[in-house]
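The values are calculated or read from the model by the stated rules, or taken from the named source; none is laboratory data. These numbers were taken from a predicted model, which means no experiment stands behind them. No Cβ is skipped: glycine too gets one built from the backbone with ideal geometry, and neighbour counts run over all protein chains shown.
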Amino acid sequence: MSTDKLRDEIIATVRQFNRSGLSYGRTGNVSTRTTLGFLITPSGIAYEELQAEDLNEMDMAGNVIAGTLKPSTEWYMHRAIYQAREDVNAIVHVHSPYASGIACTRKSIPAFHYMISVFGGVSIPCAKYATFGTEELARNALAALADNMACLLANHGQITLGEDLNTAFRYAGEVEILAHQYCISLQAGGPVLLDDVEMELNSEKFKTYGK
């Protein structure tokens, strides 16, 4: 896909943040892999005002190769994931209410629901806390993700990965729904967790689901 089309996809995605309830105002960020590195949203710009030309393209050395605005403070995290995960072509980071609330407890979302396995693991792990916009946070997120496609960021929010931007954004919505359901189950007396064998079975089934 051309860089111009990727820019349009990013703009269309971030403009859904407020409407979807996944992030508000200027919070969160989005990126997609390019042949030269990655496109990423700028820092501190209201997404309803964002234009395609406002996006930054960065190389894997951390240089801005296109764009005049300051890139998202979380560019370290996006770069680290692209460098480590060849299967990832898009990243969505949001501060959705329920996922962020659980992240503030610094706990993972366990295998209370079979849909947890859609992300490739037996839980949605929570990365260790680090100050936003730091290389330490990038390392912590990468460690928590491992082979998963989603994780929480302690006292912060959630991050999801995808083979394309549509998938990464859909995963962000699914994480938030699961976080909400998990909160409800805790209020109802606590969930009965599925064991690792069942979760592995579900992970295998999702590899061919809808294909």
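Against the conditions (1) of a type in the set (A, V, I, L, M, F, W, C); (2) closer than 22 Å to Leu39 by Cα; (3) free of Cβ contacts under 8 Å to residues at least 60 places away in the same chain, where does Ala172 fall short? Just the number, please. Every condition holds for Ala172 apart from (3).
Is it the case that segment 138-158 has a residue that's acidic (Asp, Glu) and closer than 28 Å to Arg15 by Cα? Can you show your working first?
Residues of segment 138-158 that are acidic (Asp, Glu), as a first pass: 147.
Next, only the ones that are closer than 28 Å to Arg15 by Cα stay: none.
Looking through segment 138-158, none of the residues is acidic (Asp, Glu) and closer than 28 Å to Arg15 by Cα.
Just one of the numbered conditions (1) over 18 Å from Leu153 (Cα atoms); (2) not in a loop (DSSP other than H, G, I, E, B) is not true of Gly44: (2).
Flag: Ile102 does not match the condition of being hydrophobic (A, V, I, L, M, F, W, C) and touching a His at 6+ places or on another chain (Cβ under 8 Å).
Within segment 157-166, can one find any residue that is more than 16 Å from Thr73 (Cβ to Cβ), at pLDDT 95 or above and part of a helix (DSSP H, G or I)?
So the first thing to find is which residues in segment 157-166 are more than 16 Å from Thr73 (Cβ to Cβ), and the list is 158, 160-166.
Next, from what is left, pick out any that are at pLDDT 95 or above: 158, 160-166.
Narrowing further to those that are part of a helix (DSSP H, G or I): 165-166.
Yes: one or more hits.
Within segment 74-101, the set of residues being within 15 Å of the chain's Cα centre (by Cα) and over 28 Å from Leu6 (Cα atoms) comprises just one member, Tyr98.
For segment 186-202, does any single residue satisfy the condition of being part of a loop (DSSP other than H, G, I, E, B), in contact with a helix residue (DSSP H, G or I) (Cβ under 6 Å, 6 or more places away or on another chain) and at pLDDT 95 or above?
In the first step, residues of segment 186-202 are kept if they are part of a loop (DSSP other than H, G, I, E, B); the result is 188-195.
Subset that is in contact with a helix residue (DSSP H, G or I) (Cβ under 6 Å, 6 or more places away or on another chain): 191.
If we keep only those that are at pLDDT 95 or above too, we end up with 191.
Yes, the conditions are met somewhere in segment 186-202.
Checked against the criteria, Ile81 does not count as aliphatic (A, V, I, L, M), surrounded by fewer than 23 Cβ atoms within 10 Å (Cβ to Cβ), without any contact (Cβ under 8 Å) to a residue 40 or more places away in the chain and not in a loop (DSSP other than H, G, I, E, B).
Just checking, does segment 126-137 include any residue being crowded, with 22+ Cβ neighbours inside 10 Å and within 24 Å of Gln16 (Cα to Cα)? Before the answer, list the steps.
Pass one, segment 126-137, residues crowded, with 22+ Cβ neighbours inside 10 Å: 126-127, 137.
If we keep only those that are within 24 Å of Gln16 (Cα to Cα) as well, we get none.
Within segment 126-137, none of the residues are crowded, with 22+ Cβ neighbours inside 10 Å and within 24 Å of Gln16 (Cα to Cα).
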